[in-house]
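Beneath this line is the structure, given in structure tokens, with notes to follow.
The values are calculated or read from the model by the stated rules, or taken from the named source; none is laboratory data. The structure displayed is predicted, hence computed values, not measured ones. Cβ: placed from backbone, ideal geometry, glycine included. Neighbour counts: every protein chain shown. Heads up: the accessible areas ignore ligands, DNA and RNA and are worked out on the full protein's heavy atoms, side chains in. Shrake-Rupley method; radii C 1.70, N 1.55, O 1.52, S 1.80 Å.
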Amino acid sequence: MELNTLTIEVLRDKLKKKEITAPDILNSLYKRIKEVDKKINAYVRVKDLKPGNDQFFTFNPQLPLGGIPVSVKDNICTEGYNTECCSKILAGFKPPYDATVIKKLKEAGAIILEIKTNMDEFAFGSSTENSCFGTTANPWNINYVAGGSSGGSAASVAADEAIVALGSDTGGSIRQPASFCGVVGLKPTYGRVSRYGLIAFASSLDQIGPITKDVRDCAIIMKIISGYDPYDSTSVNLEVPDYPKVLGMDIKGIKIAVPKEYFVEGIDPEVKKIIQEAIEQLRELGAQIKEVCLPHTEYAVAVYYIIATAEASSNLARFDGVQYGFRFSNSELNLIQMYKKTRGAGFGQEAKRRIILGTFALSYGYYEAYYLRALKVRTLIKKDFDEVFKDCDCIVTPTSPTPAFKIGEKIDDPLKMYLSDIYTISANLAGIPAISIPCGFTKDGLPVGLQILAKAFNEEILFRVAYAYEQATPWHKMKPRL
Ligand code: GLN
């Protein structure tokens, strides 16, 4: 077995028994990256790939992640390593500090890779086609997108170019690419994981989370990255449960809700069938299935694209060429002209579209009509979930209405692209946790993901249900042929 194909648990066992060393794991990953990443483009700046990494030598086998390499999305700050959000405007930016999640991973013994994973610029997108480093291809069929915005993280795990990866999820960016690539991805409860050092897209929606080969690895990483952080005032001071401990508990009698609004027009018939089979499987495992209503679902896309762009337009105002990243330089320009030229040349098309949309929604006279109204509907969407969770332990839905789509298919039609986020964005609006796990394949051999959602700070139930399903099905063991 090649080491790059294995999970944390198996690798840790081999390390403890001294069958392998930490450099062996890294070397097998680098070999794989060299072999396949030309086709996939899961990593950016691969030319900086170095066979020896300093953290190697400080690797401590006693630590829970001692010797395990972790791949990181290009919007999470890594001290001294380029972090550019796959945007020209941040070209050359090397953060002077680590994001809290990186600090925690390093303290747990993880090796942080210097090459980062590809993403849509500033996480704006659902296909990783909006990256200044080119599109990431789906390892199951390289003519298809890997999903987005954490497409590089999901594809790297699926193609065994990573053991585990971190992504960020503002409206589905961990779950949707995980679903398209046939791997596990979790968006934690808002406030569960520190956002300190995550380059902000929409601060009221963003969360960092793991993308992994199986549910156990996801639980292992979550236990390490979760918890209160004084540097993030929105992180919540609640004890972190021992997530891996709930794996293996049965799901008999667990009440699972299926929202009928998620199975109406727009869903691909093959996806629908695969999800229905997964629901049947959960029933066989002892869960009680109940149909429920989430009546405000139809407004989710509109609400999200007002709130997310409004917050993005404000967050992106800081990129002006003064302190870091790219600057359009020409000695004839005054300061205002320099700002304009820098932003004009530094941001890609989708980033500009979002800044314009968001600025419009926040401008005088429109603020009440759009932004405030969207906030009110956001509350209604959250209340829909509160209502369901009064009586149910979790909700299952498809992660995405379709399997991966072809590269180029939606890139010229932003509305079509935005609509494909219909099933993932509500969890961010409501602040609740949601996981995507592999649940089958289409006739064309593309993976389909099952989404499970739970009450805020109830990730344990997600792990419990996801693990029970995973252990009863073969999907997580399937590998793309590259
Ligand atoms: N696809 C969504 C968007 O483009 C979500 C992106 C994300 O979660 N970062 O906004």
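Quick notes on this one:
- Residue in region 274-287 that is within 16 Å of the ligand (Cβ to nearest atom) and open to solvent by less than 60 Å² (accessible area, probe 1.4 Å) present: no
- Residue count for region 342-364 under the criterion of being open to solvent by 50 Å² or more (accessible area, probe 1.4 Å) and either under 16 Å from C85 (Cα atoms) or more than 32 Å from the chain's Cα centre (by Cα) (or both): the result is 4.
- Qualifying residue in region 335-348 (condition: out of contact with any strand residue (DSSP E or B) (no Cβ under 7 Å at 6 or more places or on another chain), closer than 28 Å to P95 by Cβ, within 16 Å of the ligand (Cβ to nearest atom) and assigned to a loop (DSSP other than H, G, I, E, B)): yes
- Unmet criterion (only one of (1) open to solvent by 10 Å² or more (accessible area, probe 1.4 Å); (2) within 16 Å of the ligand (Cβ to nearest atom); (3) more than 13 Å from the chain's Cα centre (by Cα)) for Y196: (2)
- Qualifying residue in region 20-31 (condition: under 24 Å from I142 (Cβ atoms), in contact (Cβ under 8 Å) with a residue 60 or more places away in the chain and surrounded by 20 or more Cβ atoms within 10 Å (Cβ to Cβ)): yes
- When region 156-193 is filtered for residues that are among the aromatic types (F, W, Y) and either at pLDDT below 95 or open to solvent by less than 10 Å² (accessible area, probe 1.4 Å) (or both), only F180 remains.
- Pairing each residue of region 167-194 that is closer than 16 Å to M478 by Cα with any residue that is acidic (D, E) and more than 9 Å from the ligand (Cβ to nearest atom), provided the two are 6+ apart or on different chains, yields C-beta distances under 9 Å for V183/D214; V184/D214; V184/D217; V184/E470.
- Look at (1) open to solvent by 10 Å² or more (accessible area, probe 1.4 Å); (2) part of a loop (DSSP other than H, G, I, E, B); (3) farther than 27 Å from A312 by Cβ; (4) not β-branched (V, I, T) and you find that K106 fails only one, number (2).
- Region 401-421 - residue that is open to solvent by less than 40 Å² (accessible area, probe 1.4 Å), out of contact with any Lys or Arg (no Cβ under 6 Å at 6 or more places or on another chain) and within 12 Å of the ligand (Cβ to nearest atom) and, of those, farthest from L380 (Cα to Cα): P414
- Test result for F463, part of a loop (DSSP other than H, G, I, E, B) and more than 16 Å from the ligand (Cβ to nearest atom): no
- Unique match (being touching a residue at least 24 places away in the same chain (Cβ under 8 Å), more than 17 Å from L446 (Cβ to Cβ) and open to solvent by less than 10 Å² (accessible area, probe 1.4 Å)) among N118, N130, N138: N118
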